[in-house]
Structure formats: structure tokens, C-alpha cells
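**Q** Have a look at the structure that comes next, please.
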Amino acid sequence: MKRLNKLRNDLQSLSLKSRIAILFAISTFIPLMFTVLFSYHTMSTILTNKLHTNFNSNLHQISLTIENTINDMNYVSQQIDFSENIQFRLKTYLKMEDSLEKTRLYEDIKNELNLITFSNPNIGLSLIYVEKENKYLFNSHGVKDEFHLRNQPLFIKGYKIDNFGPHVSMERYNDKYVLSTVRQLDMDYENHVYLYMESNLDLTRNIVEKDNVLNHTSYLLLNKQNEVIYSEEQEEFPLQTPFFREEHLDEDGTRNGYYWFKQTTDRGWSVVSLISIAQYKQEINEWMILMLYMAILFVLVSLIVGLLLWKTFYRPLHQLNSEIKLMSNHNFASEVVSTKIPEFVDLLSHFRKMKKQITNLIQAIEQKERNRADLEVEKLLHQINPHFLMNTLDTARWLAVAGNKEEVTHLLTALNKLLYYNMGKLGNSSTLNQEIDSVKQYLELQQIRYDFDYKIELFIADSLLESSVPRFILQPIVENSIYHGLEDDGSIRIAITNDPHNMMIKVSDNGRGMSEEDIQRIWQKDQQKEKGMGIGLHYVKQILDRTYEGRASIDIFSSTNNGTDVVLTIPIGEEFS
């Protein structure tokens, strides 16, 4: 049960791609497998029946040919045996002394015998054999020196007539396998006289290889006792051995690595054809190889169809998924799906319409946030401490009362420029040159008010003076040095450098320094409202974040009694409004 649940969970967790691949494989290979198995069974049955039919037909033809050959030899031998003329002449010839008349009679008898045998094409060598004298007469062809009347094996046993073979022919210069008939002539003579006759049929060429369709077939001949009397596979089926160990009525079967098929004649002898099991199955195997090629072709076609299906269906879906992922990564502009399928086109149309609405909504929210940030920055920039203005104007009043017109003029001029610059009459952006000028105006104002003697040191390349920077970023840093670092006198050092990507503005003082707790308080939004102009370093951080979107930074490095360093890092070459 647990395994079934695990299998069910695994199947449910499969991706669409995997499910399509599995279903496509099942729908392709299972029908293919059933088709191959069904075709194999059908073709095997058809081919087996075809081979059985061919073998049976061939065996019937062979047995019929052998029967006709034996019948022809028996018929010809019967003609000779029943011929009174031949019988009389032969008896006369055997009893005569050697003479010219005997020679003439020999030729007459031979011509008459030849006339009978030559008229039948199935008859080969023929002769008359006198047993006790061990000599043969009237031979139609040359005879081998080692002539034997009865050549094993005995094929058919009859009354006064026997059929032998297959055996090697007794005809000189002829090594073909033939059948022979030995008939005892019924004549009144003191010795037994026999007619010996061979078939003119070469079993190997005329019978065994008669059917060109079965070139790889071997043959056996069995007598009535089912003993092998002729064998083309003597290693497996030697001569004079029983083909069956016991009574066997089947007409086909397997033995010793061969399929065999048997045809039994009315006289009781049999013809058996043999074919090796491997050769028997060769045609089926050839068909199986063809089926294998067809299966491979079918699989290739299926793979191509699957690839087209993947490109048609899964690929656009995968691209749509990629486009959704890009949207989740804030990439709303990329369009990676390209398809002409109507269903996908409609889906993409709705999806991209939704994506456009989301983009517009995000842009509206971002614009709203930017407006709020701009408002916050403007609020910070314009929230000048009233005490600063009141104290400055009070200082101007006392200077006027004291009659120090030049001091009053310098004071009011510096205040006017500082306020003018603060209110943004020159725009939201500024240059380093303008920023340094506003710092000078602020220091002049403070020196008049408090009679401080501050020394300012500037280190900046002329090429950087016109570099664009946000407005009012140096004054809060210098003001921080005055109120949190310097005493009645001291020095402020402004060093501006650059590398290929950033500009570094470093404002240093040699005052009393700050602890880490003091630095953290400086970053608080309302910390500097009670001192100076009241803008503070929080404004500087805000304007940098808003302008450069995290690519600029402000860092404070300080410790008690060791002065303070404030470092601004600003990207070079960025334009802003």
C-alpha cells in the first residue's frame, strides 16, 4: 500500500513535459509491441504452413519419381523375362560352343535387349549375369571391374526380383547414386541367370536437388523397417541405423538439431527431408529483421512526431513559463513566446494585457513613491531652523546698531546667497563649484556671527569643478564639522578625487571627533533641527539615495579626539534633474 501511495505521489509530482513523454511513449510502444508480436505469430504460422506445404509437395514428387523409376525397371525386366524369343536365344547361346555362329547370336541378343532398354530413358546399365560362372553378358555400357550383382542396401524384397539402392553405379566411369533391379530369369538352364538393371536417374542431381526452393535440404531413404538406407547427413543419421527407436506415426518433427518431414509410400519405404532448425527459421528471422527495421523506422517517425508535438505544444508553454519568470524578476519588457497557435495567441494576448496593466500599476506606484521622496527631500531642504534665521538677523541688527555697515553688508549678502541657493532658484542639480561657493558663504556667515577663525583647505582638480552633483550636499557636512567637531578655531579640509567610475568627496576636520553613539544620533531625522540651518546629514543621505538609487554612499569615520572624516562616493557622468 505504501508503495502504491509513493508511486501515486511520484506520478502526481511529474512535470507536464514528463507526463507528455510517458503518455507518448506508452501510446507508441505498446501498440508497436502488440503489432510486432501479432505479426510474428501470424507470419510464423504462414511461413510454417508454407514450408510444410513445400516440403510435403517435394517429398511427394521425389517418392513418385523413385516409384516410377522402380516400376519402369520392373516392367522392362518383366518384358525381357516374358520374351520367349529372348529366353530361347539366350538358352541356346549359353549352351553353344564358341563359334562364329555364337558370336552372331550374341550380337542378335544384345541388339534385342538394347532395343528394349534404350526405348525406356529411365534405364541405364543393363546386363545378363550367370551366377555360377560369375560372368556378365550383353552389357549395354562398360562395367566396373569390381562388379557386384547385389549392391546393398536392399530396398524392396520381392519374389524372384529385388530392388537395391541407392548405391554407386556399376557402370564404368559413373559414380552416381542409382537404383538397381535384380531379376532371376525363368528359364530352363542348369545355372541361375539374372537380369541386372540400373536406373538412369542420378538421385543427388535429379531427385534430391529437384526443388530449387529447398537448396539447403538433405534427404534420407528408409526401408520398410524404418532403417536408413540412404543418408546425406551420415554423422547424424548413419546408414543401417533405425530412424526411430520405436514405432513412430508422425509425419514431421525435430531430431538432432533438424526438422524432418516424412513421406511413406504404399510399398512401405519412406523419403525423409531434413533441414536444420537454424535454416528452417531463417526466413522467419529475415522477416523479423525486416520487422525490426520497420520498428526502428516507426520509432524514428514517432520521435520526429514527438519533437514536432513538443515544438507545437510544450515549447510555447515553456516559453510562456519563462516569460512569467522574467516578469517575476521585474523584467516586464521581454517577450520570448512566438507562436501562431490560436489558443496560445489568445492566452498570450490576455497575459500581456495583464502584464501591461501590472507594469502601469507598478510605474504609477513608483512614480508616487518618487514624488513622495522628492517631497520629503524638498521638505528637508527647505526646513531651515527658525533660530538660525532669527540669530543671524539679530546679529545683523547689532552690527547695524554698532554702525559696522561693511560687516552688515557681508552678513546679509552671504545670507541672501545662501537662502537663494537653498530655495533652488538655480535648479535641483548643481556643480561642485557652486557647492563650494555655498560652503564659503555659510562659513563667512558663521565667522561673522561667532567670530570664529576657521581655515578651509580645498583640494580639487579644475576638471572636476563643473561636475554635476545634487544641490546642497556639502553644507550639511561642513555644518556637522562645526557643531560636532571644531572648537572656536580649526581647519576643514575638502579633498575631491575620482577614478574611472566614481568621484570621492572627503570632508575632514581636526576637531574633537565623535563616538559611535554620536554618529548614530546624527543620522536621526530631527537631530539637527536645533542647531545651524537644520538640514542635517539625513538630507544628504536621502538626496543621494533618491538621485543615484543606491549607487552613491555617505560614510562617517571618527573617534574621540581624532577628528572626523565624512566621505561621499558619487558615480561619475550621471545626469539628473
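The values are calculated or read from the model by the stated rules, or taken from the named source; none is laboratory data. If you're wondering where the values come from, they're calculated on a predicted model, not measured in any experiment. Because the Cβ atoms are built from the backbone with ideal geometry, glycine has one as well, and the counts that use them run over all protein chains shown. With ligands, DNA and RNA removed, areas are computed over all heavy atoms of the protein, side chains included. Shrake-Rupley method; radii C 1.70, N 1.55, O 1.52, S 1.80 Å.
**Q** Determine whether Lys311 is at pLDDT 80 or above, outside the structural domain of Ile30 (by the TED database) and either farther than 30 Å from Asp545 by Cβ or surrounded by 11 or more Cβ atoms within 10 Å (Cβ to Cβ) (or both).
**A** Spelling it out, it is not the case that Lys311 is at pLDDT 80 or above, outside the structural domain of Ile30 (by the TED database) and either farther than 30 Å from Asp545 by Cβ or surrounded by 11 or more Cβ atoms within 10 Å (Cβ to Cβ) (or both).
**Q** Considering only helices (runs of 4 or more DSSP H) fully contained in region 1-107, which possess at least 2 residues that are modelled with pLDDT under 75?
**A** Qualifying helices (runs of 4 or more DSSP H): 2-12, 16-82.
Conditions tested, residue by residue: (1) in contact with a helix residue (DSSP H, G or I) (Cβ under 8 Å, 6 or more places away or on another chain); (2) modelled with pLDDT under 85; (3) surrounded by fewer than 17 Cβ atoms within 10 Å (Cβ to Cβ).
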| position | (1), (2), (3) |
| --- | --- |
| Lys531 | yes, yes, yes |
| Gly536 | yes, yes, no |
| Tyr539 | yes, yes, no |
| Ala552 | yes, no, no |
| Ile556 | yes, no, no |
| Val566 | yes, no, no |
| Thr569 | no, no, no |
| Phe576 | yes, yes, yes |
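**Q** Scan (1) buried (at least 20 other Cβ atoms within 10 Å of the Cβ); (2) modelled with pLDDT under 80; (3) farther than 16 Å from Val566 by Cβ for the single condition Glu487 breaks and write down its number.
**A** Of the numbered conditions (1) buried (at least 20 other Cβ atoms within 10 Å of the Cβ); (2) modelled with pLDDT under 80; (3) farther than 16 Å from Val566 by Cβ, the odd one out for Glu487 is (1).
**Q** I've got another one for you. Within region 113-121, is there a residue that is outside any helix (DSSP H, G or I), open to solvent by 70 Å² or more (accessible area, probe 1.4 Å) and either without any contact (Cβ under 8 Å) to a residue 40 or more places away in the chain or under 30 Å from Trp269 (Cβ atoms) (or both)?
**A** Yes; the residues of region 113-121 include at least one that is outside any helix (DSSP H, G or I), open to solvent by 70 Å² or more (accessible area, probe 1.4 Å) and either without any contact (Cβ under 8 Å) to a residue 40 or more places away in the chain or under 30 Å from Trp269 (Cβ atoms) (or both).
**Q** Would you call Arg172 in the same structural domain as Gln152 (by the TED database), surrounded by fewer than 20 Cβ atoms within 10 Å (Cβ to Cβ) and at pLDDT below 85?
**A** no
**Q** Still on this model: Can you pull out the residues in region 456-484 that are open to solvent by 10 Å² or more (accessible area, probe 1.4 Å), in contact with an Asp or Glu (Cβ under 8 Å, 6 or more places away or on another chain) and assigned to a strand (DSSP E or B)?
**A** Result: Ser468, single match.
**Q** Only one of Ile289, Ile284 is open to solvent by less than 70 Å² (accessible area, probe 1.4 Å), in a helix (DSSP H, G or I) and aliphatic (A, V, I, L, M). Can you tell me which?
**A** Of Ile289, Ile284, the one residue that is open to solvent by less than 70 Å² (accessible area, probe 1.4 Å), in a helix (DSSP H, G or I) and aliphatic (A, V, I, L, M) is Ile284.
Okay, residues lined up against (1) farther than 26 Å from Leu64 by Cβ; (2) assigned to a loop (DSSP other than H, G, I, E, B); (3) among the basic types (Lys, Arg):
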residue	(1), (2), (3)
Glu235	yes, yes, no
Leu239	no, yes, no
Trp260	no, no, no
Val272	no, no, no
Ile296	yes, no, no
Val305	yes, no, no
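**Q** Hey, another quick one. Being open to solvent by 30 Å² or more (accessible area, probe 1.4 Å) and farther than 24 Å from Val228 by Cβ narrows it down to one of Tyr177, Tyr159, so name that one.
**A** Tyr159
**Q** Determine the pairs where a residue that is not assigned by the TED database to the domain that holds Asn191, located within region 123-138, has a partner that is aliphatic (A, V, I, L, M) with Cβ atoms under 9 Å apart, the partner being 6 or more residues away or on another chain.
**A** none
**Q** Do any residues in region 74-99 that are basic (Lys, Arg) have Cβ atoms under 8 Å from those of residues that are open to solvent by 50 Å² or more (accessible area, probe 1.4 Å) and part of a helix (DSSP H, G or I), where the two are at least six apart or on different chains, and which pairs are they?
**A** Here the result reads Arg89/Asp108, each pair linking region 74-99 to a residue that is open to solvent by 50 Å² or more (accessible area, probe 1.4 Å) and part of a helix (DSSP H, G or I).
**Q** Right, here's the next one. Taking region 42-73, which residues are of a type outside the set (Ser, Thr, Tyr), closer than 24 Å to Pro166 by Cβ and buried (at least 17 other Cβ atoms within 10 Å of the Cβ)?
**A** Those that are of a type outside the set (Ser, Thr, Tyr), closer than 24 Å to Pro166 by Cβ and buried (at least 17 other Cβ atoms within 10 Å of the Cβ): Phe55, Asn58, Leu59, Ile62, Ile66, Ile70, Asp72, Met73.
**Q** To continue, here is another question. Quick one: is Thr431 without any contact (Cβ under 8 Å) to a residue 60 or more places away in the chain, open to solvent by 20 Å² or more (accessible area, probe 1.4 Å) and among the polar types (S, T, N, Q)?
**A** yes
**Q** Could you go through region 188-199 and let me know if any residue there is crowded, with 16+ Cβ neighbours inside 10 Å and at pLDDT below 85.
**A** no
**Q** Looking only at residues that are in a helix (DSSP H, G or I), of a type outside the set (Phe, Trp, Tyr) and under 21 Å from His538 (Cα atoms) in region 380-414, which one is modelled with the highest pLDDT?
**A** So, considering only residues that are in a helix (DSSP H, G or I), of a type outside the set (Phe, Trp, Tyr) and under 21 Å from His538 (Cα atoms), the one modelled with the highest pLDDT is Leu389.
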